[in-house]
Amino acid sequence: MKIVCIGGGPGGLYLGISMKLRNPEHDILVVERNRSDDTFGWGVVFSDQTMERLQVNDPVSAERILSNFAHWDDIDVHYGGQVVTSGGHGFCGLGRKHLLRILQERARELDVRLEFEHEVEDVSTFPDADLIVACDGINSALREQHTEHFQPDIDVRLNKFTWLGTHKVFEAFTFIFENTEHGWIWAHAYKFDLETSTFIIECSEQTWQNFGFEQMSAEDSIATCERVFAKYLDGNALMSNAKHLRGSTSWINFQRINCTRWSHGNLVLLGDAAHTAHFSIGSGTKLALEDAIDLADELHQGKSLAQALRDYEERRRLEVLRIQSSARNSTEWFEQVERYLHLEPIQFAYSLLTRSQRVSHENLRLRDQNWLESVEAWFAKTATAERLRNPVPPMFVPFRVRDLELPNRVVVSPMSMYSATDGIPDDFHLVHYGARAQGGAGLLFTEMTDISPDARITPGCAGIYTDEHVAAWQRIVGFVHQKTPAKIAIQLGHAGPKGSTKRMWEGMDQPLASGNWPLLGPSAVPYSSVNQVPRAMTRADMDAVRDDFVRATERSEIAGFDWLELHCAHGYLLSAFLTPLLNQRTDEYGGSLENRLRYPLEVFQALRAVWPQHKPMSVRISATDWMDGGVDAEDAVRISQAFQEAGCDLIDVSSGQTHPDAKPIFGRMFQTPFADRIRNEIGMATMAVGNIYEIDHVNSILAAGRADLCCLARPHLSNPYWTLHAAAEQGYLDQPWPVQYLSGKDQLERNLARAAAQAQAGLI
């Protein structure tokens, strides 16, 4: 094949190397517009996994890279006048210029032709090329020439940054956060050879403007940064190798790029031209090199060129998506860093280390057990006001709200069972709730429990609108209190426009074939085209529903519940008032968010007035509708603050289910960022829910201060004893088990200890 790589960065050079290694007869030309040693940036960082791939692909260049690596193990976080150090991270890096020289040398050895100071404006310059590879970086001219085909999604991020270097050698990967008279500014610093470090400086747009960087020359900008970070530089200067950039343009905004398509005819995108990953996770060069390996592999499978390019794109997309997802989390953490400045230095550092979700609680334990145990000890002490004898996993640290203390922070989510008769919970519910209470969770919620017959979602929904309901719930609550240390909460709701539907397994959100009851809503707007049109509520309707909620609250107290939650999520009645997708009123209950909040707040205040003051109340909200024109994360903060001011103790943070056309972005812990934002912006306790299913998820969320409780739904359906097993798996022996099951506890702990010993010995 005759291949032309436009762009002589690591990706283009490594593709040339990889192709020649597979077939020396290939004719490979790498064209670069700059001189051979021109480069933006200073050092690059590699993981062990990436190096393993490089060693398999080309041992010669991999060995040269390895022999020039600078290695470091620690991360230092300078914040709040303290330095928090954690170890075991195992970074390695080298100078970008040095990497380019290694790859250029290796390419020439393999007869890859290199041309520098050659600007390519049109691929027609190479009419006889079988393949043209656009490796021309984040501002790819070739991508932009065919933008209608590649359809790049370019997301310009909020923060400003400048990429500098220094001869101050940082022995640890160092984060420095400085509070100045102009605002917070921070640095990412790491060594890449024996005498030089990368020094990336980042700040918000507002801080950048406050400093006046926009009006400064490049020299003045660097001098200002030197003064800010003087105590960390030990007299060393900051240096730029971007002399082609002038003044304020040396500060840029990161662009997240992802293209709908990666190839067009015989033109294919590689590296930053196709996708970018934020510098805070150090994966841009890694992705480019791995792109090169996988493209070379696909081109040597005997396929047509078109098929090979399609398979290359499919092969790489999943890995790119994974990295970009982590990079997005990391980017947003730094963009919102001021949200976390109230945290203690040790928790701030933990939050920083786990920001991308690539590093988890147990992963940190593998890296530096002593440091992680210090985090666990600190976390436990903040909750108990005493230093516990042994480290306690965050999930097993008690949580206190008003006069109620939960034995741990694992919560069984409210999950509709659709198995009641005339709203009455029966033996199924006793076994269902009883098993999960015995399973070790600190708190379990009832399913949404309806306040009237017409408030039900389905004919099988549970209620608390008669004395018979109260007696049935008393039986369940009594079992939980008598037989377990768990606490039990009731969630009260009204289905509103989503009522009168089939049970989930019969057709979720589908109207009944017969026997439908009339629905209420804020407006005469159906949930979907197949659902019944609700009657727009009058003031009399609103009074009647509010009073039904009050009576249900009084009955909940009689039944003995420890906690009360008001359901204002998922498109049910009170949620329908909150979202403009379903609330189209023109009176004082519609329009602005303040107006849309008016009735849900009225209901909450009425419940708070009759619910005992020593018992907590929470509200479940949909933090986003996942649709343009609906509730968004900023609205969620304002909604939460309004309920907080009304006496709410905790926000149960869910999302969506307010419109059938919503497009949620699913993933691990996908709703946790909403809980994080509410908690850390307004200082309100939150409960995270949504695709939380691993022990690590729970401990990481809690220790980082992203939420105060973690709600697990499906894991508790598949394993009622999830919490007991989680304790055993972590070696936490103080979690109480039902006395009848203690022999099972002993056996489980022995088996886990045996398996761990065998694994350590390499026997399994």
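Things to note:
- Some residue of segment 221-233 being within 30 Å of R310 (Cα to Cα) and surrounded by fewer than 20 Cβ atoms within 10 Å (Cβ to Cβ): no
- Residues that are of a type in the set (A, V, I, L, M, F, W, C), over 34 Å from the mean Cα position of the chain (by Cα) and within 20 Å of V550 (Cα to Cα), drawn from segment 452-476: A455, I464, V470, A471, A472, W473
- Residue in segment 218-237 that is under 34 Å from the mean Cα position of the chain (by Cα), modelled with pLDDT under 95 and assigned to a loop (DSSP other than H, G, I, E, B) present: no
- Some residue of segment 514-528 being over 38 Å from the mean Cα position of the chain (by Cα) and aromatic (F, W, Y): yes
- When restricted to residues that are polar (S, T, N, Q), surrounded by fewer than 20 Cβ atoms within 10 Å (Cβ to Cβ) and touching a residue at least 60 places away in the same chain (Cβ under 8 Å), segment 135-178 contains 1.
Results for (1) assigned to a strand (DSSP E or B); (2) under 33 Å from the mean Cα position of the chain (by Cα); (3) of a type in the set (G, A, S); (4) within 26 Å of G630 (Cα to Cα), shown as yes or no for each residue.
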{"residue": "M542", "(1), (2), (3), (4)": "no, no, no, yes"}
{"residue": "V550", "(1), (2), (3), (4)": "no, no, no, no"}
{"residue": "E554", "(1), (2), (3), (4)": "no, no, no, no"}
{"residue": "E557", "(1), (2), (3), (4)": "no, no, no, no"}
{"residue": "L566", "(1), (2), (3), (4)": "yes, yes, no, yes"}
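- From the options N583, N516, residue that is outside any helix (DSSP H, G or I), in contact with a Gly (Cβ under 7 Å, 6 or more places away or on another chain) and either assigned by TED's automatic domain parsing to the domain that holds M448 or farther than 20 Å from T449 by Cα (or both): N583
- Selection status of D76, at pLDDT 95 or above, within 21 Å of T198 (Cβ to Cβ) and either assigned by TED's automatic domain parsing to the domain that holds A134 or not acidic (D, E) (or both): yes
- Conditions (1) out of contact with any Lys or Arg (no Cβ under 6 Å at 6 or more places or on another chain); (2) under 14 Å from W72 (Cβ atoms): number failed by W184: (2)
- Within segment 331-375, considering residues that are outside any helix (DSSP H, G or I) and among the charged types (D, E, K, R), the one nearest to F177 (Cα to Cα): E344
- Checking the stated criteria, K160 turns out not to satisfy the condition of being out of contact with any helix residue (DSSP H, G or I) (no Cβ under 9 Å at 6 or more places or on another chain), in the same structural domain as S330 (by TED's automatic domain parsing) and not aliphatic (A, V, I, L, M).
- The residues of segment 618-644 that are at positive phi and either in a helix (DSSP H, G or I) or surrounded by fewer than 18 Cβ atoms within 10 Å (Cβ to Cβ) (or both) amount to a single one, G629.
- Evaluation of K303 against (1) surrounded by fewer than 20 Cβ atoms within 10 Å (Cβ to Cβ); (2) assigned to a helix (DSSP H, G or I); (3) of a type outside the set (S, T, Y) (one fails), failing number: (2)
- Residues that are in a helix (DSSP H, G or I) and modelled with pLDDT of 95 or more were ranked within segment 256-286; the one that is surrounded by the most Cβ atoms within 10 Å (Cβ to Cβ) is A273.
- Flag for Q357 being crowded, with 16+ Cβ neighbours inside 10 Å and either at positive phi or assigned by TED's automatic domain parsing to the domain that holds I75 (or both): yes
- Qualifying residue in segment 682-700 (condition: at pLDDT 95 or above, surrounded by 15 or more Cβ atoms within 10 Å (Cβ to Cβ) and under 23 Å from S592 (Cα atoms)): yes
- Test for P600: is it of a type outside the set (F, W, Y), within 28 Å of F561 (Cα to Cα) and not in a helix (DSSP H, G or I): no
- Residues of segment 701-748 satisfying the condition of being acidic (D, E) and buried (at least 19 other Cβ atoms within 10 Å of the Cβ): D708
- Output for segment 556-593, where each listed residue is among the acidic types (D, E) and touching a residue at least 12 places away in the same chain (Cβ under 8 Å): E557, D562, E565
- Any hit, segment 201-215, residues being acidic (D, E), assigned by TED's automatic domain parsing to the domain that holds F170, over 26 Å from H78 (Cβ atoms) and modelled with pLDDT under 95: yes
- Contacts under 9 angstrom Cβ, first residue in segment 7-30 being assigned by TED's automatic domain parsing to the domain that holds E119, partner part of a loop (DSSP other than H, G, I, E, B) and among the polar types (S, T, N, Q), 6 or more apart: G7/S140; G8/N34; G8/S36; G9/T39
- Residues within segment 143-161 that are touching a Phe, Trp or Tyr at 6+ places or on another chain (Cβ under 9 Å) and part of a helix (DSSP H, G or I), tallied: 3
- Here the helices (runs of 4 or more DSSP H) wholly within segment 424-513 that include at least 1 residues being at pLDDT 95 or above, surrounded by fewer than 21 Cβ atoms within 10 Å (Cβ to Cβ) and touching a strand residue (DSSP E or B) at 6+ places or on another chain (Cβ under 8 Å) are 467-483.
- Among the residues listed as V610, V603, V637, V689, the single one being within 30 Å of D587 (Cα to Cα), assigned by TED's automatic domain parsing to the domain that holds I490, out of contact with any Lys or Arg (no Cβ under 8 Å at 6 or more places or on another chain) and touching a residue at least 40 places away in the same chain (Cβ under 8 Å): V610
- Residue in segment 31-70 that is surrounded by the fewest Cβ atoms within 10 Å (Cβ to Cβ), counting only those that are closer than 22 Å to A134 by Cα and of a type in the set (A, V, I, L, M, F, W, C): F40
- Boolean, R328 is touching a residue at least 60 places away in the same chain (Cβ under 8 Å), part of a helix (DSSP H, G or I) and not hydrophobic (A, V, I, L, M, F, W, C): yes
- Criterion (in the same structural domain as E205 (by TED's automatic domain parsing) and in contact (Cβ under 8 Å) with a residue 60 or more places away in the chain) met by exactly one of L364, L352, L295: L295
The values are calculated or read from the model by the stated rules, or taken from the named source; none is laboratory data. Keep in mind that this is a model prediction, so the values were computed, not measured. When we count neighbours, we look across all protein chains shown, and the Cβ atoms used for this are built from the backbone with ideal geometry, even at glycine.
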